[in-house]
1. Output the number of residues of segment 285-298 satisfying the condition of being assigned to a loop (DSSP other than H, G, I, E, B) and surrounded by 15 or more Cβ atoms within 10 Å (Cβ to Cβ).
2. Is there a residue in segment 276-284 that is in a helix (DSSP H, G or I) and surrounded by 15 or more Cβ atoms within 10 Å (Cβ to Cβ)?
3. Collect the residues in segment 409-433 that are without any contact (Cβ under 8 Å) to a residue 24 or more places away in the chain and either closer than 16 Å to residue 140 by Cβ or in the same structural domain as residue 237 (by TED's automatic domain parsing) (or both), keeping them in residue-number order.
4. Sort out which residues of segment 299-315 are in contact with a strand residue (DSSP E or B) (Cβ under 8 Å, 6 or more places away or on another chain) and assigned to a loop (DSSP other than H, G, I, E, B), and write them in order of number.
5. So which residues in segment 243-265 are more than 25 Å from residue 305 (Cα to Cα), in a loop (DSSP other than H, G, I, E, B) and out of contact with any helix residue (DSSP H, G or I) (no Cβ under 6 Å at 6 or more places or on another chain)?
6. I'm trying to understand the selection: among the residues of segment 203-230, which are surrounded by fewer than 20 Cβ atoms within 10 Å (Cβ to Cβ), closer than 21 Å to residue 346 by Cβ and free of Cβ contacts under 8 Å to residues at least 40 places away in the same chain?
7. Has segment 135-154 got any residue that is in a loop (DSSP other than H, G, I, E, B), more than 28 Å from residue 226 (Cβ to Cβ), in the same structural domain as residue 350 (by TED's automatic domain parsing) and more than 24 Å from the chain's Cα centre (by Cα)?
8. For segment 320-329, check the following and say yes or no: at least one residue is surrounded by 15 or more Cβ atoms within 10 Å (Cβ to Cβ), in contact (Cβ under 8 Å) with a residue 60 or more places away in the chain, touching a strand residue (DSSP E or B) at 6+ places or on another chain (Cβ under 7 Å) and part of a loop (DSSP other than H, G, I, E, B).
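The values are calculated or read from the model by the stated rules, or taken from the named source; none is laboratory data. Fair warning: this is a prediction, and the values are worked out from it, not measured in the lab. Here the Cβ is made from the backbone with ideal geometry for all residues, glycine too, and neighbour counts use every protein chain on show.
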């Protein structure tokens, strides 16, 4: 397991799943230019080797992440650690990084467990950056660049709305959901469960999960057309992070096709995303399992629900133990990316501001298409910020310490600059309102 060449800096990556593909490509390109090698740990060694194509610059390590001895040994040898594991497992890695004095990058939302390590991170002068992917990640960096530019030029921001979604590219859009899975399918099933809290015209709005998809508003995306959106988690907590405590409107959303919202509202209303263990669920057919959805079926969503397989007479898989697991199985079966398919990432910031007494606005949009069903736009936009940040930290371009999100200029300026070189570029349209 130990890396033999001790002259090389070692980037340790935990996780080789869907979102890690482009990150691995990037790090292998950068390795010979920056004197580092890549160690990848995952439960599936064959998956790692398929992603690295047996590159001599990468070392594949088969790892059960709960194996404390092996995990800590890997971390103790690393120059920097990137975790692409499910969010609940980051804390195991974070604790080891603190204990062994290693910097850590993740693309996940910072949770209270990670935040509890902040005193030790500070005392050891380590650098932990969370929310360093797409959303959260690129959204933070591009928003702060926009906000800092406006305020540095004498503008006062009055409203901030940010939209982001992972979608299927139009040329690969061939199902009634207008959606295909390009990232962790469990996260798709769980999306929205925390409800949402945001502010519109100085009024705080709280939405429960059950009503989140009931009435999705729409927004026009340059070069894409109209998409529906629903509020994303707790927007209010980001107001102080962006230094926008005084704005009247602050909202972060997730983008989907309007049809998706109509179908998903029925699924949520019927409780089909329930994670509760149901030992006898595998004795049912899909049609029997989905009976609770019948009161929510309409002319608009019937085709979507039928396409997903909710009304099939075939048995639920024997290993299924909850409704959420059954739903995930159906989605992975019916909404999978096929060879040749391309996905699409869409982001839009809508910022209202006043400058010299004149009300103005800017729309900053990003549209990225994947290369294929493996090197997806999702994998690129989640993975590249992590890889770029790791390189910048190792070569000394980023010298911060502490627990951070990527809202500081020291992080977002160089990372966004290199993302632009990777053709991840925002387009701005300014107007007088």
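1. Count: 2.
2. yes
3. The answer is 410, 417.
4. The answer is 312, 313, 314.
5. Residues satisfying the conditions are 243, 244, 246, 247, 248.
6. 215, 217, 220, 225, 226
7. At the first step, the residues of segment 135-154 found to be in a loop (DSSP other than H, G, I, E, B) are 135-136, 153-154.
Of the ones still in play, those that are also more than 28 Å from residue 226 (Cβ to Cβ) are 153-154.
Filter again for in the same structural domain as residue 350 (by TED's automatic domain parsing), leaving 153-154.
Next, only the ones that are more than 24 Å from the chain's Cα centre (by Cα) stay: 153-154.
Yes, segment 135-154 has at least one match.
8. No, there is no match, as no residue in segment 320-329 is surrounded by 15 or more Cβ atoms within 10 Å (Cβ to Cβ), in contact (Cβ under 8 Å) with a residue 60 or more places away in the chain, touching a strand residue (DSSP E or B) at 6+ places or on another chain (Cβ under 7 Å) and part of a loop (DSSP other than H, G, I, E, B).
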